[in-house]
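Contents: one structure, followed by commentary.
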Amino acid sequence: MTNNVDVTALPDVGTLSGRQLRGVACGWCRAPLRPGIDDVDLGHRRREDTGTAWFPRACSSRCEEGDR
């Protein structure tokens, strides 16, 4: 899928749910995702505070178009 999401504007990782951190829910609107099918993968990241991995994704229907 095309990635038109501004990755510099990712949500604050400290505000995300476990589902959002795992990439199974949109990082902005919390919509459930099917990774690899109906999402925009924003790339693997590391938390600065803990060093743990997180996997931000956006829903292709709303957030890709900038409706955040």
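Structural remarks
- If you take all other residues with their beta carbon under 12 Å from the beta carbon of W54, and give Lys and Arg +1 and Asp and Glu -1, the sum is +3.
- Near the amide H of W28, within less than 5 Å, lie the amide hydrogens of C59, all on another chain or at least 5 residues away, with H placed in the peptide plane.
- Cβ-defined net charge surrounding R45, 14 Å radius [Lys, Arg +1; Asp, Glu -1]: 0
- Sequence ranges 37-45, 11-19, 24-32, ranked by mean other-Cβ count within 10 angstrom, highest first: 24-32, 37-45, 11-19
Bear in mind that the values in this text are calculations on the coordinates, not laboratory data. This one's a predicted model, so the numbers in the text were calculated from it and none came from an experiment. Every residue, glycine among them, receives a Cβ derived from its backbone with ideal geometry; neighbour counts consider all protein chains shown.
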